[in-house]
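Participant: Following this message is one structure expressed as C-alpha cells.
Please treat every number below as a calculation from the coordinates, not as lab data. Remember, it's a predicted structure, so these values are computed and weren't measured experimentally. Counting neighbours? That spans all protein chains shown, and the Cβs are built from the backbone with ideal geometry, glycine included.
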C-alpha cells in the first residue's frame with residue numbers, strides 16, 4: 001500500500017513537472033499572465049522544487065515572472081527619474097549630443113542606484129528559473145549551433161552591475177528563440193550575454209543594470 | 001651571305017630600344033589607368049525612373065580600406081547615380097566618440113554626403129543602438145523601421161535583438177504593404193556560406209516564415225566580411241555584402257551548396273536598380289572590378 005502511494009505521488013509529480021515544461025516553451029505573455037500567477041515558495045532554489053508544496057501545484061514560472069516584472073517596474077521608475085534630469089534626446093547631426101546624453105543618463109542612474117548589488121532584479125530565489133531557461137535552450141541546440149553561438153560571445157571580459165557596458169565590446173546577437181522564452185522587457189531594457197553571464201542592459205544609458213553569472217554552459221573540450 | 005649594312009643594324013637597334021621604352025612607359029601609364037578602370041566597369045543604370053541605391057556592409061573601420069572603398073563608391077556614382085545608400089550594420093567599429101563618427105563615416109563618405117545622398121542604416125552587433133538618433137543614419141530614432149521609394153518598400157531590421165515587439169511590427173508592416181517590391185535588410189545573414197559565422201538559423205526560424213508568407217522579394221545582410229549571392233531560398237533572393245571595409249579573405253566555404261557567386265578576396269559594395277519588375281545588381285570591388293552582376297525578375301504575387 002505504501003509502495004502504491006509512493007508510486008502515485010511520484011507519478012503526479014512527474015505529471016506536474018512535464019506540464020510545467022510544456023508551459024515554459026510558451027511565449028512568456030501567454031505562459032504567465034499576472035492575474036493567474038500563484039505564489040511560489042520563497043526560499044526555493046530549485047525551479048522544479050517549487051512545483052509542489054504541501055500537495056498544491058505551484059506555478060513557479062508565473063511567480064518568478066511576476067516578481068521579475070515588479071522589479072523591472074521599480075527599475076523603470078528610477079530610469080524615468082534619471083531621464084527627467086538630463087536633456088531630452090532628439091535626432092541630431094551632432095554625435096557629441098548623443099554620447100553626452102548617454103553618459104549623463106548613465107551617471108544619473110548610477111547615482112540613484114549607488115550600492116546596487118547583483119540580484120536586485122534577477123531575484124536570488126528565482127535565479128535558478130532563469131538559469132534553467134538559458135541552459136535548456138542551449139541543450140536543445142545542435143552541437144554546431146551551440147558552438148557557433150558561444151564562439152560569438154564576448155570573452156575574457158569582466159562586467160559588473162551599475163557600470164557602463166564597455167563601449168568597444170560588440171553587443172552579441174541575442175538568440176531570438178531564447179528571447180522568446182524569457183520574460184518580456186520594456187524597450188528601455190534588453191537582455192545580453194557577455195562571456196557566461198546574462199545581463200540586463202539599459203539601452204539608452206548603455207548601462208549594466210543587473211547580472212546573472214555562470215548562466216551560459218561551457219563547450220566541452 | 002651578305003652582311004647587313006651597319007647603318008641598318010643601328011637603326012633596327014634604335015627602333016627596338018624605342019619600342020621597349022614605349023612599352024615601359026605605356027605600362028607605367030596603364031597602372032593608374034587600371035585603377036581608374038574601376039569606375040569604368042560599373043555600368044550605367046538602364047531604367048529612366050528606376051530606384052537606384054548603394055549597398056554597404058560592415059563599413060565602419062575608419063581605416064584605409066574603408067576610405068579606398070568609399071572613393072570607389074563615389075567613382076561608381078558618376079556612372080551609376082544612386083540616390084540613397086542602405087547600410088547593413090557594423091556602421092561603427094570600436095568606440096563611438098564624436099570623432100569616430102567623423103573618421104568611420106563622415107570622412108570616408110564625404111562626397112556622398114555632400115551630394116545629399118541619404119543613408120538608411122541597420123544596426124550591427126558592433127553598433128550602439130543609440131546610433132538611431134544620428135540623423136545621417138536615417139533611422140528616425142528607431143531600431144527598426146520602414147520606408148518607401150517608389151514601388152519599393154524597405155524594411156530595416158535589428159537582427160541583434162529580434163524580440164516579440166519587432167516580430168509583431170514586422171508582420172503588421174509586411175501585411176499592410178501593397179508595394180510591388182519588398183526588400184528587407186539587416187545585419188545577420190540567415191543563409192550564408194561563411195566559415196566563420198555561417199547561417200543564423202535561429203533568426204531564420206523567426207523571420208523566414210514571415211518573409212515567405214508576405215512575399216518578400218530580396219534580403220540584404222552583412223556580418224560576413226565578404227560578398228555572397230545565394231541561390232534563391234524558398235523563392236527569396238539573398239545577398240550578403242559585409243565586405244565594404246572589413247575583409248575575411250578566403251572565408252567562403254568552397255563546397256557550399258548555397259553559393260551562386262562568392263567574392264572574398266577584396267572589399268566590395270553593390271549598386272542596385274529596381275526598374276518595374278526587374279532588379280539589376282552589380283557588385284564592385286574596391287579596385288573597381290565588376291565581380292558580379294545580374295538581374296532578378298519579380299514574380300507577381302499570386
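Participant: Let's test the formula: R0 of 22 Å, r as the Cβ-Cβ distance of residue A:169 and residue B:196. What FRET efficiency results, to the nearest 0.05?
Facilitator: The calculated FRET efficiency here is 0.75.
Participant: Okay, moving on. If I build a Gaussian network model for chain B, linking alpha-carbon pairs within less than 10 angstrom, which residue out of B:65, B:184, B:260 has the largest mean-square fluctuation?
Facilitator: Of B:65, B:184, B:260, the Gaussian network model singles out B:260 as fluctuating most.
Participant: Counting partner chain Cβ atoms within 10 Å of every residue's Cβ in A:171-182, what's the average? Before the final figure, lay out each step's value.
Facilitator: Values: counts 9, 2, 14, 7, 6, 16, 6, 1, 8, 6, 0, 1.
The shielding value for this peptide is 6.
Participant: How far is helix B:201-213 tilted, in degrees, relative to the longest principal axis of the Cα atoms in chain B, given as a value from 0 to 90 rounded to the nearest 10?
Facilitator: 80 degrees
Participant: Rounded to the nearest 10 degrees, what's the angle between the helix B:6-40 long axis and the longest principal axis of chain B, both from Cα atoms, 0 to 90?
Facilitator: Compared with the principal axis, the helix lies near 10 degrees.
Participant: In peptide B:129-138, how many Cβ atoms from other protein chains are near each Cβ within 10 Å, on average?
Facilitator: Details: counts 6, 11, 2, 4, 10, 7, 6, 4, 1, 1.
Going residue by residue through B:129-138 and averaging, the value is 5.
Participant: A further question follows. Could you work out how far helix B:164-175 tilts from the main Cα principal axis of chain B, as a 0 to 90 degree angle to the nearest 10?
Facilitator: Compared with the principal axis, the helix lies near 80 degrees.
Participant: Now a separate question. So for B:56, A:131, B:206, fewest C-beta neighbours within 10 Å to most, what's the order?
Facilitator: The order, fewest Cβ neighbours first, is A:131, B:206, B:56.
Participant: For chain B, what does -39500 (n - 2.57) per DSSP helix run (n ≥ 4), summed and divided by total residues, give at 222 nm, in deg cm²/dmol to the nearest 500?
Facilitator: -9000 deg cm²/dmol
Participant: Taking 0.36 nm per residue of separation and subtracting the Cα-Cα distance, what length does fully extending residue B:64 through residue B:78 add?
Facilitator: Contour length minus Cα-Cα distance gives 2.9 nm.
Participant: Another one. Calculate the length of the line joining the C-alpha centroid of region A:181-212 to that of region B:80-129, in whole Å.
Facilitator: Centre-to-centre distance over Cα atoms comes out at 26 Å.
Participant: Quote the relative contact order of chain B in percent (integer), defining contacts as alpha-carbon pairs under 8 Å separated by 6+ residues. It would help to have the intermediate numbers written out before the result.
Facilitator: Details: 646 pairs, mean separation 59.6, N = 302.
It rounds to 20 percent for chain B.
Participant: Name the shape class, rounded, prolate or oblate, that the alpha-carbon gyration tensor gives for region B:40-297, where a ≥ b ≥ c are the square roots of its eigenvalues, rounded holds for a/c under 1.5, and otherwise prolate holds if a/b is larger than b/c and oblate otherwise. Don't jump to the answer; show the numbers that get you there.
Facilitator: Numbers: a/c = 1.19, a/b = 1.13, b/c = 1.05.
Rounded is the answer for region B:40-297, as its axis ratio a/c remains below 1.5.
Participant: So if R0 is 22 Å, what FRET efficiency would residue B:48 and residue B:116 give, r being the distance between their Cβ atoms, rounded to the nearest 0.05?
Facilitator: With a Förster radius of 22 Å, E is 0.60.
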